[in-house]
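Student: Structure incoming, see below.
The values are calculated or read from the model by the stated rules, or taken from the named source; none is laboratory data. The model shown is predicted, which means the values in this text are computed figures rather than measured ones. Neighbour counts are summed over all protein chains in view; Cβ atoms, including those assigned to glycine, are modelled from backbone coordinates with ideal geometry. Quick note on the areas: whole protein, heavy atoms, side chains included, nothing else; ligands and nucleic acids left out. Shrake-Rupley method; radii C 1.70, N 1.55, O 1.52, S 1.80 Å.
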Amino acid sequence: MAREFTKKDINIFNKLAPELKGNLISPQGHQYLFILRPVSHRIATSSEDFKHRIERLTDEELEYLVDLALEAKEDIRGLDEEDMYAFIEVIDKRIPDMSSQLKEFLGLF
């Protein structure tokens, strides 16, 4: 069963993928389970594009995504590898106090 996106989830998803015009349904007809994974796998054209999209988010939105990841409600490991490291790089730069928590959770030291 798909995770029910909150209004905040939808706003973040729309900020990351405005070209989808609010469509949360995958090409297979299922609601996306995560915010970042479809951006990584289907929407961003490169890891650089993914990083630019992530950089659009506020620090509060980034913290929210990290919190979701730490609760296993957002899949950071399921991103394309370069996108995962791009996400971590943005977290390192913008909210370094959460970076070590995220890296520990992911098993990256």
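Student: List every residue pair whose Cβ atoms lie under 6 Å apart, where the two residues are 6 or more positions apart in sequence or sit on different chains, the first residue falls within segment 68-82 and is within 13 Å of GLY107 (Cβ to Cβ), and the second residue, located anywhere, is assigned to a loop (DSSP other than H, G, I, E, B) and aliphatic (A, V, I, L, M).
Tutor: Taking only residues 6 or more apart or on different chains, the pairs are ALA69/ILE76.
Student: Can you name every residue in segment 97-109 that is free of Cβ contacts under 8 Å to residues at least 24 places away in the same chain and open to solvent by 80 Å² or more (accessible area, probe 1.4 Å)?
Tutor: Going residue by residue through segment 97-109, those that are free of Cβ contacts under 8 Å to residues at least 24 places away in the same chain are 97, 99-100, 103-104, 107-109.
Those that are free of Cβ contacts under 8 Å to residues at least 24 places away in the same chain and open to solvent by 80 Å² or more (accessible area, probe 1.4 Å): ASP97, GLU104, PHE109.
Student: Something else about it: Please enumerate the residues belonging to segment 49-68 that are touching a helix residue (DSSP H, G or I) at 6+ places or on another chain (Cβ under 8 Å), of a type outside the set (A, V, I, L, M, F, W, C) and assigned to a helix (DSSP H, G or I).
Tutor: Within segment 49-68, LYS51, ARG53, GLU55, ASP59, GLU61, GLU63, TYR64 meet the criteria.
Student: Identify, by number, the condition in (1) of a type in the set (Gly, Ala, Ser); (2) open to solvent by 20 Å² or more (accessible area, probe 1.4 Å); (3) at pLDDT 95 or above that GLY29 doesn't meet.
Tutor: It fails just one condition, (3).
Student: Which residue is nearest to LEU102 (Cα to Cα), if the candidates are limited to segment 38-88 and must be of a type in the set (Gly, Ala, Ser) and surrounded by fewer than 20 Cβ atoms within 10 Å (Cβ to Cβ)?
Tutor: Top of the filtered list is ALA72.
Student: Further question on the same structure: So, in segment 10-19, of the ones that are hydrophobic (A, V, I, L, M, F, W, C) and either in contact (Cβ under 8 Å) with a residue 24 or more places away in the chain or open to solvent by less than 50 Å² (accessible area, probe 1.4 Å) (or both), which residue ends up nearest to GLU55 (Cα to Cα)?
Tutor: Step by step, filter segment 10-19, then rank; the result is LEU16.
Student: Filtering segment 31-48 down to residues that are assigned to a loop (DSSP other than H, G, I, E, B) and among the small types (Gly, Ala, Ser), which residue is nearest to ASN14 (Cα to Cα)? Explain how you work it out, then say what you get.
Tutor: Kept after step one, since they are assigned to a loop (DSSP other than H, G, I, E, B), are these residues of segment 31-48: 32-35, 44-46.
Add one more test, that the residue is among the small types (Gly, Ala, Ser), and what stays is 44, 46.
Working: ALA44: 13, SER46: 18 Å.
Top of the filtered list is ALA44.
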